[in-house]
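> Structure in structure tokens, see below.
The values are calculated or read from the model by the stated rules, or taken from the named source; none is laboratory data. Just so it is clear, the structure is predicted and the values come from calculations on it, not from any experiment. Glycine also receives a Cβ, built like all others from the backbone with ideal geometry; neighbour counts cover every protein chain displayed.
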Amino acid sequence: MNGKIVVDHLSKTFKKGGVQAVKDVSFKVEEGEFFAFLGPNGAGKSTIVQILTTLMNATSGTAFVAGFDVIKEPEKVRRHIGAALQETGVDPDLTGREMLELQAWIFGFGKREGCLRAEELLDIVQLTEAAERRIGRYSGGMRRRLDLALTLVHEPAVLFLDEPTTGLDPSNRMAVWEELRRLNKDKGTTIFLTTQYLEEADNLADRISIINDGEIVASGTPKELKARIGSDLIALTPVDGGDEDRTLHLLKSGLMDADVIRKQEKILIYVEEGTRQLLEVARILDRENIEVEDIQLSSPTLDDIFLKITGEGKKSNEQ
Ligand SMILES: Nc1ncnc2c1ncn2[C@@H]1O[C@H](COP(=O)(O)OP(=O)(O)OP(=O)(O)O)[C@@H](O)[C@H]1O
Ligand SMILES: [Mg+2]
């Protein structure tokens, strides 16, 4: 089984609207690796997944999945992958069980084997009780879990999951996470997952690439990325008419291991140990008689991370 993904200078421009959705993207996913693409709405995640799963052609560049060229050998690629996409076409009149048995038949299972596989998968995604209900009546979360089960029927070498937990409640999200971890560890399935949640990528992936506006802006293990980003964020709003430049300068020089940047009326401080640094920030403000309207400690959101990474990009371009 060759579960590798190799993407080289991939670009996609949609004729309609002329949107350049993917801009010269290159990356590799090793066999057995759990890889996550992290990015906001419109970043180009689904476009890349569709190209890699042979549902769409790239404008330029090459991509190999499981050892086969997605453009020249699409049938071979399809035989080695499973894909749970954002928009799937399942027949709402079939029951969950029927849909799984149909999928098993498509992949060449015999009748008995197919029934057994369906039973097993219903159990894994916790849909046994809803197995006889029509898919049209499933909730969003149940549909997502059925989508996942459908991709697992033939035990693919590479699994593509496009935002598999968006819209799931916390317990269903955990159940999907567990199953994905098990597949990756026990079966050695290579997993390519897209998500908008930093927490999801952090919890699951061996390696993450952050994608924004069609480009990979940062890549690394969760640990490496967090070291770059800082795991906590202190946001403070100086009082109206306060000297923001001075505050910014004082915080920058006073805090050793922090990145301090300005975002509109706020000052954002990216740090490793938020609580300890919060005390230090309070000390500096107090000593310098700087008044603030508001001060908050939180985990950075994807937005904060992009802001930081694109800010870094600008800095290095200027040098
Ligand atoms: N079929 C299409 N025709 C024209 N433009 C498209 C098409 N599909 C996507 N786009 C555009 O390409 C860009 C990337 O879209 P894509 O669906 O890949 O983003 P995404 O990262 O999957 O976002 P989301 O998190 O919202 O699913 C967007 O600007 C989108 O409007
Ligand atoms: Mg998408």
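> Of the numbered conditions (1) away from ligand 2 (no atom under 16 Å from the Cβ); (2) aliphatic (A, V, I, L, M); (3) touching a His at 6+ places or on another chain (Cβ under 9 Å), Val7 fails exactly one; give the number of that condition.
(3)
> Within the set of pairs 6 or more residues apart or between chains, which connect a residue that is more than 12 Å from Asp243 (Cα to Cα) inside the stretch 283-298 to a residue that is buried (at least 16 other Cβ atoms within 10 Å of the Cβ) and modelled with pLDDT under 90 with Cβ atoms less than 6 Å apart?
Sorted first by the residue in the stretch 283-298, then by its partner, the pairs are Leu297/Gly274; Ser298/Leu233.
> Could you please tell me which pairs satisfy a Cβ distance under 9 Å, a separation of 6+ or placement on different chains, a first residue in the stretch 41-58 that is touching a residue at least 60 places away in the same chain (Cβ under 8 Å) and not assigned by TED's automatic domain parsing to the domain that holds Arg79, and a second residue that is surrounded by fewer than 21 Cβ atoms within 10 Å (Cβ to Cβ) and of a type in the set (S, T, N, Q)?
Between residues of the stretch 41-58 that are touching a residue at least 60 places away in the same chain (Cβ under 8 Å) and not assigned by TED's automatic domain parsing to the domain that holds Arg79 and residues that are surrounded by fewer than 21 Cβ atoms within 10 Å (Cβ to Cβ) and of a type in the set (S, T, N, Q), there is no close pair.
> If you don't mind, another one. Among the residues of the stretch 8-18 satisfying the criterion of being in a strand (DSSP E or B) and over 19 Å from Glu163 (Cβ atoms), which is nearest to ligand 1 (Cβ to nearest atom)?
Thr13
Matching residues to (1) assigned to a loop (DSSP other than H, G, I, E, B); (2) under 33 Å from the mean Cα position of the chain (by Cα):
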residue: Ile269; (1), (2): no, yes
residue: Gln277; (1), (2): no, yes
residue: Glu280; (1), (2): no, no
residue: Ile284; (1), (2): no, no
residue: Asn289; (1), (2): yes, no
residue: Glu293; (1), (2): no, no
residue: Leu297; (1), (2): no, yes
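> Let me ask something else. With the structure loaded, tell me whether Gly167 is surrounded by fewer than 20 Cβ atoms within 10 Å (Cβ to Cβ), within 16 Å of ligand 2 (Cβ to nearest atom) and small (Gly, Ala, Ser) or whether it fails that test.
Criteria met by Gly167.
> Ala58 - would you say it is away from ligand 2 (no atom under 16 Å from the Cβ), aliphatic (A, V, I, L, M) and within 22 Å of the chain's Cα centre (by Cα)?
Judged against the criteria, Ala58 is a match.
> Looking at this structure, is Thr194 touching an Asp or Glu at 6+ places or on another chain (Cβ under 6 Å) and within 16 Å of ligand 1 (Cβ to nearest atom)?
Yes; evaluated as a whole, the condition is true for this residue.
> Please find, within the stretch 19-66, the residue that is farthest from ligand 1 (Cβ to nearest atom) out of those that are hydroxyl-bearing (Ser, Thr, Tyr), within 15 Å of Asp162 (Cβ to Cβ) and assigned to a loop (DSSP other than H, G, I, E, B).
Selected residue: Thr54.
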